[in-house]
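K.L.:
The structure that follows is given in the form of structure tokens.
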Amino acid sequence: MAIATLKEQEWQQVELLAKKIRQDTLFAIKHMGQGHLGGSLSIVELLAVLYGKQMTIDPNHPSWEDRDRLVLSKGHAGAALYSALANVGYFDRGLLKTLNEGGTSLPSHPDRNKTPGVDATTGSLGQGTSMAAGIAAGLKLSQRNSFVYLIVGDGELNEGQCWEAFQYIAHSKLNNCIVIIDENKKQLDGTTEEILNPFDLSEKMKAFGFYVNKAKGDDLSAIDLAIQQSKAVVDQAVCIILDSTKGQGIPYFEQLADNHSVKFNSDEVNQAAEKALAKLELEIKEMTK
């Protein structure tokens, strides 16, 4: 039997991390009884690549000054972020059972004062773009080489504040702020095209002065390559359009019409979740033999 190369082992660990994040995200939201499942699942592979490969972090020292930062502007996907943080060692996975409970350190939307590893308090849509711009500008002024990863939703781009911040990022050539737009094509009340047509986001971001990459949201290697290419840009703002699917990775929830915030109040939904959790558990066991 061939011994896997170091690179193959690294990718196996990233793939395993993605499965664990998806499993724990679904578990935490199901345990809570309802939550923003669709938009949490659409960034699972992205978070696996960031926390499993690309980001410079130290879970034992969450406030390390030379760390990379992540700003989850679409703060309603906090469950996915918590699952990623727990699985790379920022806190015990058991805490995921306390998601959004009274007194928890894991509120439904990220709070930097409550959760180890959370770099920005987010949830008011649009504001994360400005926070990320400010953090990136501060790092530049401090002559630090750290990156800021901004995850913003496509529905969130209805907020004008995003575009003001994008213009500032581009004008200031903040190449250390990697803007990642999660284009899962749906928002609270329907599809983005129905609610407020975004048209071609790649062309819009290029018009704002960004170098733009695009990657399939469920393709780990494509996401990794897009990030690598973005980090190599030195004289221009950078953006990655993540071509993702709401509910990504679990067919039942991908096809569920109202999958922005899912309520686990029917046998059908609960059985679909249990089936998905069992499948993920089996796949994780197979990968860790």
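K.L.:
Identify which of N87, N213, N197 has the largest mean-square fluctuation in a Gaussian network model of the chain, with springs joining Cα atoms closer than 10 Å.
P.N.:
N197
K.L.:
Out of these labelled values of percent of Cα pairs over 25 Å apart, (1) 54; (2) 44; (3) 58, which was calculated from the coordinates shown here?
P.N.:
(2)
K.L.:
So, one more: Rounded to the nearest 500, what is the 222 nm mean residue ellipticity of the chain from helices alone, with -39500 (n - 2.57) per DSSP H run of 4+ residues and division by all residues?
P.N.:
Helix contribution divided over all residues of the chain: -13000 deg cm²/dmol.
K.L.:
Counting only protein heavy atoms and using a 1.4 Å probe, what share of the accessible area of the chain belongs to carbon plus sulfur, as a whole percent?
P.N.:
That fraction is 48 percent.
K.L.:
Collect residues whose amide H, placed 1.01 Å from N in the peptide plane, falls under 5 Å from the amide H of K185; neighbours closer than 5 in sequence don't count.
P.N.:
Those qualifying (amide H under 5 Å, at least 5 residues apart or on another chain) are D154.
K.L.:
Restricting to bridges with both residues inside the range 136-289, how much of the DSSP beta-bridge set is antiparallel, in percent to the nearest 5?
P.N.:
10
K.L.:
Now for a different question. Using each residue's phi in the range 11-27, evaluate 6.51 cos²θ - 1.76 cosθ + 1.60 at θ = phi - 60° and report the 3J(HN,Hα) Karplus result to the nearest Hz, with x for Gly and Pro.
P.N.:
For the range 11-27, the Karplus-derived couplings read 5, 4, 5, 5, 5, 5, 4, 4, 5, 5, 5, 5, 4, 6, 5, 5, 4 Hz, x marking Gly and Pro.
K.L.:
Let me ask something additional. For the chain, give me the percentage of DSSP beta bridges that are antiparallel, rounded to the nearest 5 percent.
P.N.:
Roughly 15 percent of the beta bridges in the chain run antiparallel, per DSSP.
K.L.:
Still on this model: Can you tell me the relative contact order of the chain? Whole percent, Cα pairs under 8 Å, sequence separation 6 or more.
P.N.:
It rounds to 22 percent for the chain.
K.L.:
May I pose another question? What list of ³J(HN,Hα) values in whole Hz, one per residue of the range 186-197 in order, does the Karplus curve 6.51 cos²θ - 1.76 cosθ + 1.60 (θ = phi - 60°) give from phi, with Gly and Pro shown as x?
P.N.:
Working through the residues one at a time gives 9, 9, 3, 9, x, 7, 5, 5, 6, 6, 6, 3 Hz.
K.L.:
Amide H of N100 versus every other amide H placed in the peptide plane: which residues, excluding those fewer than 5 positions away on the same chain, fall under 5 Å?
P.N.:
L106, S108
K.L.:
In addition: With every protein chain kept in the model, how would you rank H31, H260 by accessible area, 1.4 Å probe, largest at the top?
P.N.:
Most to least solvent-accessible, the answer reads H31, H260.
K.L.:
Compare F91, F208 by solvent-accessible area with a 1.4 Å probe and give them largest first, with all protein chains kept in place.
P.N.:
Ranked from most to least accessible, the order is F208, F91.
K.L.:
Over the chain, with a Gaussian network built from C-alpha contacts below 10 Å, which listed residue (C162, C239, C177) shows the highest mean-square fluctuation?
P.N.:
Among C162, C239, C177, the largest mean-square fluctuation in the Gaussian network model of the chain belongs to C162.
K.L.:
Tell me, what ³J(HN,Hα) does each residue in the range 218-225 have, in order and in whole Hz, if you take phi through Karplus 6.51 cos²θ - 1.76 cosθ + 1.60 with θ = phi - 60° and put x for Gly and Pro?
P.N.:
Values per residue, Gly and Pro as x: 10, 10, 4, 5, 5, 5, 4, 5 Hz.
The values are calculated or read from the model by the stated rules, or taken from the named source; none is laboratory data. Only a predicted model underlies this, so the values are computations on that prediction, with no experimental measurement involved. Heads up: the accessible areas ignore ligands, DNA and RNA and are worked out on the full protein's heavy atoms, side chains in. Shrake-Rupley method; radii C 1.70, N 1.55, O 1.52, S 1.80 Å.
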